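Notes follow the structure.
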Amino acid sequence: AQSVTQLGSHVSVSEGALVLLRCNYSSSVPPYLFWYVQYPNQGLQLLLKYTSAATLVKGINGFEAEFKKSETSFHLTKPSAHMSDAAEYFCAVSVVQAGTALIFGKGTTLSVSS
Amino acid sequence: GAVVSQHPSWVICKSGTSVKIECRSLDFQATTMFWYRQFPKQSLMLMATSNEGSKATYEQGVEKDKFLINHASLTLSTLTVTSAHPEDSSFYICSARNRLQTGAGYTFGSGTRLTVV
């Protein structure tokens, strides 16, 4: 079975500061890893995904994540936070087999202060 | 890109009534659809997995007689909450996996906010 653990349920940064949201995964087979963002009362928006190609994945809105197998991590970063980045962020894991659902972490709330 | 249309976006119903939520894949065929439930300020919990033309597979603790899932075609899956009660109030989200895209092709609907009064 697969699982993800998001370290830190709440992260606060200042506008312009580095954003670092942590995610560690557990999987018995090579995983696919995802980061999603959710704004209040809205659905999910895919930020980026790792599918066994390049380990450094660039996504939308300036976000990127690096797959580190040795650390079983897939942390999300952004060099400079914007106020509009304040939202809920979810890390998720899946595997290649057809019919396998995405399994989500508990989420991290990102707050950005001016 | 791939789009999943989920309706309604919000619904209020009386306790004891049933509510149907639809998810349609608009420009691709969805071999598999997943239904999630999200309580306020919590994560998405997988409720069930449905494959076109077969019975849904429910996660442990999810009542299959209460949450009826039908996946009659490659573009439509429905979730019916039967005899709804206030504790069923939640945000329900569907996700479809593209038949032609192996691995990482998941598309999410925009969610349905269900309030049972």
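Residue-by-condition table, conditions (1) modelled with pLDDT of 95 or more; (2) among the aliphatic types (A, V, I, L, M); (3) in contact with a Ser or Thr (Cβ under 8 Å, 6 or more places away or on another chain):
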| residue | (1), (2), (3) |
| --- | --- |
| A:THR5 | yes, no, yes |
| A:GLY8 | no, no, yes |
| A:ALA17 | yes, yes, yes |
| A:LEU20 | yes, yes, yes |
| A:SER26 | no, no, yes |
| A:VAL29 | no, yes, no |
| A:ASN41 | no, no, no |
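Just checking, how many residues over the range A:89-110 are open to solvent by 40 Å² or more (accessible area, probe 1.4 Å) and part of a strand (DSSP E or B)? I'd like the intermediate steps shown before the answer.
Taking the range A:89-110 and keeping what is open to solvent by 40 Å² or more (accessible area, probe 1.4 Å), we get A:96-98, A:103, A:106, A:109.
Then drop every residue that is not part of a strand (DSSP E or B), which leaves A:103, A:109.
Of the residues in the range A:89-110, 2 are open to solvent by 40 Å² or more (accessible area, probe 1.4 Å) and part of a strand (DSSP E or B).
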For the range B:23-43 the number of residues that are in contact with a Leu (Cβ under 8 Å, 6 or more places away or on another chain) and in a strand (DSSP E or B) is 10
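For the range A:19-59, give me every one of the strands (runs of 3 or more DSSP E) that falls completely inside it and has 1 or more residues that are over 15 Å from A:GLY107 (Cβ atoms) and either within 9 Å of chain B (Cβ to nearest Cβ) or free of Cβ contacts under 8 Å to residues at least 12 places away in the same chain (or both).
A:31-38, A:44-50, A:56-58
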Quick check on my filter: what residues within the range B:1-28 are open to solvent by 70 Å² or more (accessible area, probe 1.4 Å), in contact with a strand residue (DSSP E or B) (Cβ under 8 Å, 6 or more places away or on another chain) and away from chain A (no Cβ under 13 Å)?
B:ILE12, B:LYS14, B:SER18, B:LYS20, B:ARG24, B:LEU26
I'd like to check something: does the range B:95-109 contain any residue that is assigned to a strand (DSSP E or B), within 28 Å of A:LEU33 (Cα to Cα) and basic (Lys, Arg)?
yes
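The values are calculated or read from the model by the stated rules, or taken from the named source; none is laboratory data. Just so it is clear, the structure is predicted and the values come from calculations on it, not from any experiment. So basically every Cβ, Gly included, is an ideal-geometry build from the backbone, and we count neighbours across all protein chains shown. These accessible areas exclude ligands, DNA and RNA; they are computed on the full protein's heavy atoms, side chains included. Shrake-Rupley method; radii C 1.70, N 1.55, O 1.52, S 1.80 Å.
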